[in-house]
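To start, the structure itself, in structure tokens.
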Amino acid sequence: MQRLASADTLVRAGCLDCLIDAFNEYELLRAFPVAKDPATAGAVRAAGLIARRQRELGMVDDGYGQRARALMASNASVPAWMSSLLDVVEVLPATAAGIMRTPSSDIDLERQRVLQRSRDAWTARLRELAPIDELGAYMWLSFTCGATETRDQSLDQLFEPVAPFHDTPLIAMKRATCRGVVPERLKDLVAANPRFVEVAYWLGLYAVGERKLDDADKQFDEAYAWRQQWPSVTQSIANVAMTSEEFARSLEFYDKTLELEPNAVDALLGRVRALTYLGRNEDAIATTDRLIDLRWHVGDARYWRALNELDLERYEDAWTDVEMAAKLLINAEVPKLAGLIAYRRQQLEVSRGKFDQAHTRNPNDCETFFYLGIVNAEMGVWARTAEILVNAVVCLQANEVAYRNEIASIEASYDPPARKAAKIARREQYIAKGRRQIATSWFDTAVACYNLSRKAEAQQYAEKVAADEQFGARAKELLSRLR
């Protein structure tokens with residue numbers, strides 16, 4: 001019975017590798033008649049805990065829930081109430097530390113419906129089982145930590161039913177991730193038992209929340225080195241790479257995620273963005289088709305599809321998609337894109353209306369302000385052109401100052417050299433683009449003032465671009481007319 005006691009100790013130790021070792025030991029012990037019944041119950045308990053841990057960590061399901069069911073069916077001595085615990089294991093979503101993964105299938109949605117129907121009955125049943133069994137304790141906390149119905153209860157109140165297991169690492173890990181990540185508690189767990197490698201994932205999520213992307217990258221890399229079949233980790237690595245503007249790495253890990261979960265809709269949307277930023281328009285459009293077919297993130301899919309079609313000069317298709325996006329998304333980006341597409345379609349009145357709408361929704365977008373001025377200039381609405389573009393220049397100049405400050409921060413950061421160089425290069429591109437827009441704004445303002453007979457202002461703005469490579473000749477011609 002010493003081996004049974006050792007397996008029980010592994011269950012209470014609580015790390016995923018500990019639980020798997022416990023399950024394997026129980027399976028071996030079932031071969032001995034004297035140990036068969038308690039070993040079977042132990043194997044069911046361990047398998048249920050593994051299944052729950054894998055789901056809350058967002059790992060690939062290795063089938064431990066089904067193994068637990070099969071073990072129960074094979075041995076009538078296993079307590080019947082364990083079946084109730086396995087029912088909860090089966091439907092409880094991938095939620096932990098206050099974070100829920102986006103459902104990606106009809107099965108996920110059906111689990112949520114079953115959970116809502118059974119919540120009251122399961123709450124009472126789990127509270128009864130929490131003090132008498134490790135699986136019961138863990139499932140009570142998994143059930144209640146993220147529930148809105150228990151949000152008014154303190155952690156001490158939530159953990160009261162599991163008092164008999166309070167000092168076990170199994171429950172200590174749950175306390176450290178109940179309603180958010182408590183990094184000090186997790187680090188204490190690892191210090192006491194280095195086999196708690198899954199803690200790296202939680203610490204990575206915490207670092208993301210603190211905007212410490214290098215720290216997050218290190219934690220996620222550690223988790224990935226331990227387990228590669230881990231969609232939540234591969235997607236987290238991709239998300240950090242996207243935020244760090246490492247688009248090739250981002251695409252690589254979104255693809256790894258999709259190899260493991262082909263319908264991971266957040267990874268599909270991330271893949272679309274990465275492909276777009278990498279200039280792979282056709283591949284990006286093909287990925288939006290998958291999202292639309294799955295009926296997830298349809299508004300976003302239509303937006304990114306339209307953006308890529310605009311780059312490919314498929315203006316009619318782009319217009320169709322952006323109009324569909326506008327029915328599903330309310331933000332400034334959709335009408336801004338619609339304004340650009342309408343402009344390319346020579347629909348200036350429509351374009352102006354879309355840019356007006358985008359500017360109303362986000363007055364701080366300098367580029368929208370600039371485009372609004374350009375469309376007014378092409379329509380010959382001179383007073384409005386001058387008013388808008390003068391303000392657009394102020395906005396664009398402030399943007400350049402902000403980009404310069406960002407570059408200084410990047411240079412002073414501890415980012416790897418390659419990441420620094422890529423981030424700085426991208427901001428230098430933004431600055432160069434902004435300067436071209438400023439030059440265009442000054443020239444069009446000069447023309448507007450000329451047409452409004454405001455000659456002194458026309459001369460002032462024309463002189464600003466007299467030496468400009470693009471506008472210099474026309475500015476000098478305008479100046480000659482003013483003399």
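Quick check on my filter: what residues within segment 309-335 are in a helix (DSSP H, G or I) and open to solvent by less than 60 Å² (accessible area, probe 1.4 Å)?
Within segment 309-335, the subset in a helix (DSSP H, G or I) is 309-311, 315-326, 333-335.
Glu309, Leu310, Tyr315, Ala318, Trp319, Asp321, Val322, Ala325, Ala326, Val334, Pro335 - these are the residues of segment 309-335 that are in a helix (DSSP H, G or I) and open to solvent by less than 60 Å² (accessible area, probe 1.4 Å).
Only one residue in Val78, Val89, Val44 is part of a helix (DSSP H, G or I), of a type in the set (Val, Ile, Thr), at pLDDT below 95 and touching a helix residue (DSSP H, G or I) at 6+ places or on another chain (Cβ under 6 Å). Which one? Outline the logic, then answer.
On the way: Val78 fails: part of a helix (DSSP H, G or I); Val44 fails: at pLDDT below 95.
Only one candidate passes the filter, namely Val89.
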Cβ-Cβ below 7 Å, separation at least six or inter-chain, first residue in segment 376-396 and more than 11 Å from Gln437 (Cα to Cα) and open to solvent by less than 10 Å² (accessible area, probe 1.4 Å), second among the basic types (Lys, Arg) and assigned to a helix (DSSP H, G or I): which pairs? Asn376/Arg352; Asn376/Arg384
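Considering segment 122-146 alone, what residues qualify as being of a type in the set (Phe, Trp, Tyr) and in contact (Cβ under 8 Å) with a residue 24 or more places away in the chain?
From segment 122-146, those of a type in the set (Phe, Trp, Tyr) are 122, 138, 140, 143; that's our starting set.
Listed by number, the residues that qualify are Trp122, Tyr138, Phe143.
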Of all residues in segment 102-130 being modelled with pLDDT under 75 and touching a helix residue (DSSP H, G or I) at 6+ places or on another chain (Cβ under 7 Å), which is nearest to Thr168 (Cα to Cα)? Leu115
Looking for something open to solvent by 80 Å² or more (accessible area, probe 1.4 Å), within 20 Å of Glu246 (Cα to Cα) and outside any helix (DSSP H, G or I) - is there at least one such residue anywhere in segment 430-446? no
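For segment 368-386, indicate whether the set of residues that are out of contact with any helix residue (DSSP H, G or I) (no Cβ under 8 Å at 6 or more places or on another chain) and either outside any loop (DSSP other than H, G, I, E, B) or within 30 Å of Asp215 (Cβ to Cβ) (or both) is non-empty. Even if it seems obvious, please write down each step before you answer.
Residues of segment 368-386 out of contact with any helix residue (DSSP H, G or I) (no Cβ under 8 Å at 6 or more places or on another chain): 381.
Narrowing further to those that are either outside any loop (DSSP other than H, G, I, E, B) or within 30 Å of Asp215 (Cβ to Cβ) (or both): none.
No: segment 368-386 contains no residue that is out of contact with any helix residue (DSSP H, G or I) (no Cβ under 8 Å at 6 or more places or on another chain) and either outside any loop (DSSP other than H, G, I, E, B) or within 30 Å of Asp215 (Cβ to Cβ) (or both).
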Looking only at segment 195-247, filter to residues that are under 28 Å from Val11 (Cβ atoms) and charged (D, E, K, R); which one of those is least open to solvent (accessible area, probe 1.4 Å)? Glu198
For segment 433-453, how many residues are over 42 Å from the mean Cα position of the chain (by Cα) and in contact (Cβ under 8 Å) with a residue 40 or more places away in the chain? 5
Which one is modelled with the lowest pLDDT, of the residues in segment 236-257 that are in contact with a Leu (Cβ under 8 Å, 6 or more places away or on another chain), over 18 Å from Arg280 (Cα atoms) and assigned to a helix (DSSP H, G or I)? Thr243
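For segment 336-367, which residues satisfy the criterion of being polar (S, T, N, Q), open to solvent by 60 Å² or more (accessible area, probe 1.4 Å) and in a helix (DSSP H, G or I)?
Within segment 336-367, the subset polar (S, T, N, Q) is 346-347, 351, 357, 360, 362, 364.
From the residues that got through so far, the ones that are open to solvent by 60 Å² or more (accessible area, probe 1.4 Å) too are 346-347, 357, 360, 364.
Once the filter is applied, which keeps residues that are polar (S, T, N, Q), open to solvent by 60 Å² or more (accessible area, probe 1.4 Å) and in a helix (DSSP H, G or I), segment 336-367 yields Gln357, Thr360.
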Quick check: anything in segment 162-174 in a loop (DSSP other than H, G, I, E, B), crowded, with 21+ Cβ neighbours inside 10 Å, touching a Phe, Trp or Tyr at 6+ places or on another chain (Cβ under 7 Å) and not polar (S, T, N, Q)? no
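The values are calculated or read from the model by the stated rules, or taken from the named source; none is laboratory data. Note that the structure is a prediction, hence the values are computed from the model and not measured. Note that we place each Cβ from the backbone using ideal geometry, even for glycine, and neighbour counts take in every protein chain shown. Side chains are part of the model used for accessible areas, which takes the heavy atoms of the whole protein and leaves out ligands, DNA and RNA. Shrake-Rupley method; radii C 1.70, N 1.55, O 1.52, S 1.80 Å.
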